[in-house]
Every structure is written in C-alpha cells, then in structure tokens.
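Below you'll find the structure, written out as structure tokens, and then a few comments.
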Amino acid sequence: MKKLLLIPLICLLVFSFTITGLAKVNLVYWTYPSCKVEGLLPGEYEQIVIDQFEKEYPEVKIELQVLPYDGGIKKVELSILSQTSPDILIDNTFRMGKFADAGLLVPFELTEDERNDFFPFAIEACTFNNEMGLWPTAVSAQGMTVSKRIAKEAGALDLLPLDRPDRTWTTEEYGAFLRKVASAGLPEVRGYILWLGDANGMQTHIMLMLQAFGAEPFIKEDGKYRCIINSPEAIEGLEYFLELYNTPGCFMEGAENLSCFDNSNYFNLGTIATSGASIPGILKGLEGTDQISADYDLALFPFPSKKGVSNGALLSMTAFGVFDNDDQEKVKYAQMFVRYFVKNAKDFLHSQADSSPVMKSSEIPEVYQKYKDNPEVQYYLNVLPKFGKDYGTMCPVYQQYKEAFRVVMQGAVTGELTAKEALDEMARKVNKLLDEYYEE
Amino acid sequence: MKKNNLITQIKKNKVCYLFLAPYTIPFTIFLCYPIFQAVRYSFYRFTIKSFRFIGFKNFIDIFSDPIFRKAIVTTCWFVIGSVPFIIFIAILISALLIKVNSKLRTLAMGIIYLPAVTSIITIALTWKWLYNYRNGIFNYIMGLLGYSNINWLSNKHTALPSLILILIYISLGVPVILYISAMTNIPKSLYDAAKIDGANEWQLLWNITIPLIRPTTLYLLIIETIGTFQTFIIVYLMTGGGPYYRTTTLSYLLIDEAFGYGHYGVASSMGIILMIVISSLTIMQFKFFSKDVEY
C-alpha cells in the first residue's frame, strides 16, 4: 500500500521539477491608449513589440493591459496598496515621479553610452534620490496656440508678436489682445477658456496666471518641497487674470463647470481665440482634417509673462517605470523590455504627434519631417522647448497641487475668495499634504 | 455545555444552513469583511507610503475640517430637497395613473421608469446640454421670459438645486411603480363607502390612500434617504463637487479623499461616519413611521 502511494508522489515531484524548469518569467505591462498607430487599436502596436520580444526571450511572457485615461491612475494606486502593482508602467513623469520618489520603482543603471545619448533635461527630470528612477521616452512642449483667423476678424492680428524674435510677449500685450477680441463683438467668440471642472491641464492656467508673474510654485529646502504659491507675485498675477475673467467677452463664461474637453471642443469649433492647453492636433490642423479646419490658421507662442519675467512653455514627458515586486528576475527582464521597447518601437514615438525624442539617437517623427518647412512646426520643434520652465511636476504632491488650484480658483471666480485668500488656502492645503508626505 | 448545544443545533439544522450558505458565504466575504476592514483602516494612517495605527486622529481631523462640515450640510440639502419631493410627486403621479385605463397606465409607467434603466452617463450628458449656457433649453426659456442666461451648474446659487432636480427625475421610476402596485391592493369597498359618505377626491387620497400605502412610503423613505446620502455619480459627472464645494456630498468627498488625495484611512473614517448616520436615520424612520396597516 505504501509503495502504491509512493509512486504517484515521486511522479508528482518529477512533474513539478519539470514545470519549474520550464517556468516563464511572467511580466505585467500597463499602458495608456496614447499610442495611435494608423489602422491599429490601442495596445495592438505594443502587442506586436511584445510578441517580438517574447520570440527573442522565450522564457518571458508579458501580459499587456491598456488602462483608460479616466481612472487609470486610480487603478495603479489601488494596485500598489494591494501589492499587485504591474511590473512595467508607462505614464507621464509627473504621475510616475511620485512612485519613483517613494522608492516603489527600481532605478535604471545607465551605461555611459546611454547616459550620453539622453538629452540632459530628460535625465534631470527622471532622477530621484540621485538615481534614474524612470526611463523617459518622449517629450512635448506646450505653449499658447492662437487662431490668426479670429485675430484677423477681430482686427487684433497686429497685437500678436508674430515678427518678434522667438515671438516673446508680455501679459499686458496678451490682455490687450483678449480685450480687442472681446470688444470686436464676433458672435460667440471668446478670448480664452479657463476650465475648472476638472484638474486636467491645470498647469496651463498656473503657468499663465501665476508663474508668468514670476511666482514659483515650490522651493526645495533640505531636499524637501514647500509650496510658496501665495507669494505677492502670484497674488498680482491672479488678480490681473481675475480682472480679465470678469471683463465680458475675454473668457468663456462658467469656468467652474468647464472641462479641458470643453476647451478642445470650443477651440476646434473656432470660437476661442487662444488656447493654453496642449497643442491639440496641431499637425492635423495643418493638414486640415476633421479636428481643426484648414482655415483656422494656427500660430504658436510661448506663454506670455510680466515684463522682466521670461516667457514659459510646459514640457511634458512620458516615461517607463519598473516596479519593485521583490523578484530580481522580473526586474531584470522588465528593464530589458524597456530598453528593447525604446530601441525597437519606433512607431510608438512617431504616433505621438506632439512629442519629440528625448534621446539624441532617436529619429524625429515622420510627421514632423513631412512638415519640416512649415514655420509653425519649425517653431514648435526648435524654439518652443527653449522656454521650458519648471512648474513643479517633480513635487510628490503635484497632482493634489493641481486639484487644489482647481478648487480654490472656483472660489476666486465665484467671488467667495479674494486672490490672496485663494492662494493662501492653496498653499496651506499643499503644505499640509507635503508635511504628511515627509512625516511618513 | 453551551458550545455543545450550539453544535447540536447546527447538526440538527445542517440542511437549513446548507441552503443559507450560497448567500451567507458571499455576504461574509464581500460585505462583512470589507466593512470590518474599513473600520480597521479608519484608525490607521493609510496612504501609498504608510500604514500605521493613529487611533481616533482621522475622526478628529475630519470633524475639524470645514469642508467635511460643508459636505454634511450639502448632503442634508440633497436629502431634504429630493426625498420628500420624490415621495410627494410619486404619490401624485400614481394617484393619477391609477385612474386611467391600463394601457395608458402601462405606457406612462414605462416612460417614467425609463430613467431608472438608462445609463447615468447618458442622463448626465443630456442634462448638461439642457443646462448649457449657450444652447440649453432652460436658458432658451429664460430668454423667452426676458431674462438673461444663467450658468446653471456654475452659479453658486443654482448648482445645487439643478442637481437636486436631476436626482428627482432619475429617482421617480421605482416609487411610482411601487405606489401603483400598493394602491391597486387597496380594497375598492373602502373608496365606495367613503364616496357614499360624500368624500371628494382629495379626501379619498388623504384619508384612505395615503394611510394605507404607509408601508410602501416607509420603505421608499428609507431606500431614497440611503440612496441620496450616497449621491456621488451625478455630482461627479455634472459639477465635480463645485463651484467651490457647493455640491460636494459626503460620498463625493470620500472618493476625493481616497483617490484624489490618497488618504485611504481618512476616506474609510468618512465611510464609517456615513454608515453610522444612515443607520441612525433608518432606525429613526422605522421608529416614527412604522405602524401596522390593516385593511
């Protein structure tokens, strides 16, 4: 009887050893539907690259999941809390930075060649606690997009700094432009949309209203951030823009309930003269596709600033992160996959119409090459990034800082708070969050 | 001895327990366990970076937070502004529908019930357009009446009433169905007797119908109060809690604390407070409104 029991036990042991020998390294890769390669659905292009990688490394199996933009970050945070985080994640650096800073990601050890290949700003943005916590993939510059058609119809074209070197301008000039558009009486046309219905793209308003007046969002003391957004410069900036907001026709009414989608919609409909959001479909605009009509006649500028303060642009970077899931084998292959992806997934960068490479060896996307003689594309690629300003994205509570701005601005535009009260409340909230963060 | 009794009891009724198991096991895993965990987390500082016991600090912080107090007031306004109206309008509609022929009644019930089975996102988008500043029908009517346009969802005075109106609209379906069902069960002889005594329609409704549908009213009162206390999605989709916390409900604040600010412990504490408030109100409603009804 004992022998009879022993035989299946031995078989089971042999079988399990065999299984272990053949076992694959299973990786989980989460991405967003940002890669839009023509003819492919979100995630399909990444899957092709994954299949190639798995062919070269048969011991690895990668499971891909495409997260929705709305709610994706919540899923990531919940996965961290429940210790089921993915192995690889790609997202914007200002969201990923928090994870890197908290030590949840495994740093990349760059070779000398890799280090030299990255543009210095990319290394700087992805370095946390003196280590390369993220692997940047692309960067996009965001400035002020203006409809020259509306400017012309409003008789305000000469107020735009089109002939000035690098097209720099002041907030006074921008205000004069908005007032001119408002007074022209063009039906349903407004100068700018301030949207406070969601926190997406809040950095645009912060840059335009506060940093344009010389305000700094944060200072770093002893390696710790402090929010100083209630400075006199910031208050001056907010007061200036609240005055413009209350001037009929300058801003779209009802900012409290407008979202960044409203901004895109109204801008694409041609009823907004200037948009400080990302440059939505600028290349599509040049092509005259369904998003923006060909006669929209876009022109790019940096964000205006008060005289004496340099103009600004938002640099937004995408990066890979590899989570520390207590498995060295997984980490090794995950980092190998990141390097493989960046090297082989050329269409990935090319598909991101408003992104530029962060490595010197990367090719400039085809779409730019097609329009390389267009002055706006030239400006976008060569001039706008020069205005890149630090707008606090690496602060560990950056997301909450944007959300706080959205809420206090609602108080300011409804008249419940003065500019000073609003910014004091914002600084208090953000500093409380920072205190809690460092206390841990 | 007691233990032995319990075991004997279980053994004796094991078939009963077996039949109860398909419900009680998932109930324990998916409801009791999360509630237990939420209670536990409410005493912890629980964020992405830390998990440590802090006693009642979360509760102390919550009650000293003016935004939380504002959210309680707003939630109460939601309940006060919607639940009585839902009940009142549902009784009126049901009393009217009970008198029409069955085909028309079925059609009307279908129309009224439609919002209950329609995606809340579709409803929210439709109402957003109705409230639209430039092209909304409400502002069109305002224009016809000679008034200027209003930013219904952005204005600090109109945002909350605008949401309450939507809440009433989407909540009417179930009460109307239940009331019609309850009214159908009232013996006709009661109405006939009252009519012989000279009662008019209003007296019939007030003195016969309403008292006899009290169990349904109690049920709806509890269900609607609980539902309204948990109002989240309509706020999330329509106003995002704004303008400046004017429409921030407890549930919205709870989600915002958890996923906006990463304060999972604080959010759990808010959840516990919400649970206590809702349970207390339900007990009170039972105490004051539940009386046996005999035909």
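The values are calculated or read from the model by the stated rules, or taken from the named source; none is laboratory data. If you're wondering where the values come from, they're calculated on a predicted model, not measured in any experiment. Don't worry about glycine lacking a Cβ; one is built from the backbone with ideal geometry, like all the others, and counts go over all protein chains shown. Side chains included, ligands, DNA and RNA excluded: accessible areas come from the protein's heavy atoms. Shrake-Rupley method; radii C 1.70, N 1.55, O 1.52, S 1.80 Å.
Miscellaneous remarks
- Of everything listed in (1) open to solvent by less than 30 Å² (accessible area, probe 1.4 Å); (2) within 14 Å of another protein chain (Cβ to nearest Cβ), the single unmet condition for residue A:248 is (1).
- Matching residues in region B:186-214 - criterion: being surrounded by fewer than 15 Cβ atoms within 10 Å (Cβ to Cβ) and touching a residue at least 60 places away in the same chain (Cβ under 8 Å): B:187, B:210, B:211
- Checking each residue in region B:222-250 for being surrounded by fewer than 23 Cβ atoms within 10 Å (Cβ to Cβ) and among the aliphatic types (A, V, I, L, M) picks out B:222, B:223, B:226, B:233, B:234, B:237.
- The listed residue being modelled with pLDDT under 90 and within 14 Å of another protein chain (Cβ to nearest Cβ), out of A:83, A:142: A:83
- For region B:15-34, the candidate set comprises residues that are open to solvent by 70 Å² or more (accessible area, probe 1.4 Å) and within 24 Å of residue B:257 (Cβ to Cβ); within that set, the residue that is nearest to the chain's Cα centre (by Cα) is B:31.
- Unmet requirement for residue B:26, which otherwise passes all of (1) under 23 Å from residue B:160 (Cβ atoms); (2) out of contact with any Ser or Thr (no Cβ under 6 Å at 6 or more places or on another chain): (1)
- Scanning region A:191-206 for residues that are under 28 Å from residue B:153 (Cα atoms), crowded, with 21+ Cβ neighbours inside 10 Å, charged (D, E, K, R) and within 14 Å of another protein chain (Cβ to nearest Cβ) turns up nothing.
- Out of B:265, B:227, one residue alone is within 14 Å of chain A (Cβ to nearest Cβ), farther than 20 Å from residue A:71 by Cβ and touching a residue at least 24 places away in the same chain (Cβ under 8 Å). It is B:265.
- Put simply, of B:112, B:86 the only residue that is closer than 27 Å to residue B:251 by Cβ, buried (at least 17 other Cβ atoms within 10 Å of the Cβ) and touching a Gly at 6+ places or on another chain (Cβ under 6 Å) is B:112.
- Filter result for residue A:158 (open to solvent by 60 Å² or more (accessible area, probe 1.4 Å), closer than 30 Å to residue A:182 by Cα and either at pLDDT 85 or above or not in a helix (DSSP H, G or I) (or both)): yes
- Here is the figure for region B:206-260: residues that are closer than 15 Å to residue A:197 by Cα and of a type in the set (Ser, Thr, Tyr) total 7.
- Which listed residue, of B:54, B:7, is more than 30 Å from residue B:156 (Cβ to Cβ), open to solvent by less than 50 Å² (accessible area, probe 1.4 Å) and of a type in the set (A, V, I, L, M): B:54
- Scanning region A:176-190 for residues that are away from chain B (no Cβ under 14 Å) and in contact with a Cys (Cβ under 8 Å, 6 or more places away or on another chain) yields A:178, A:179, A:181, A:182.
- Restricting attention to region B:62-87, the residues that are among the basic types (Lys, Arg) and in contact (Cβ under 8 Å) with a residue 24 or more places away in the chain total 1.
- Any hit, region B:100-110, residues being over 16 Å from residue B:233 (Cα atoms), within 13 Å of another protein chain (Cβ to nearest Cβ), part of a helix (DSSP H, G or I) and modelled with pLDDT under 95: no
- When the helices (runs of 4 or more DSSP H) confined to region A:209-292 are screened for residues that are modelled with pLDDT under 95 and on the phi < 0 side of the Ramachandran plot, those reaching at least 2 such residues are found at A:260-269, A:282-287.
- No other residue among A:402, A:429 is within 14 Å of another protein chain (Cβ to nearest Cβ), under 21 Å from residue A:90 (Cβ atoms) and modelled with pLDDT under 95 apart from A:402.
- Test result for residue A:89, within 30 Å of residue A:433 (Cβ to Cβ) and either aliphatic (A, V, I, L, M) or open to solvent by 40 Å² or more (accessible area, probe 1.4 Å) (or both): yes
- Looking across region A:381-399 at every residue that is open to solvent by 10 Å² or more (accessible area, probe 1.4 Å) and part of a helix (DSSP H, G or I), the one that is farthest from the other protein chains (Cβ to nearest Cβ) is identified as A:382.
- Of the residues making up region A:129-149, none is of a type in the set (Asp, Glu), within 18 Å of the chain's Cα centre (by Cα) and at negative phi.
- Qualifying residue in region B:268-283 (condition: within 14 Å of chain A (Cβ to nearest Cβ) and open to solvent by less than 60 Å² (accessible area, probe 1.4 Å)): yes
- On the stretch given as region B:147-162, residues that are open to solvent by less than 20 Å² (accessible area, probe 1.4 Å) and out of contact with any helix residue (DSSP H, G or I) (no Cβ under 6 Å at 6 or more places or on another chain) total 2.
- Residue within region A:180-199 that is in a loop (DSSP other than H, G, I, E, B) and of a type in the set (Phe, Trp, Tyr) present: yes
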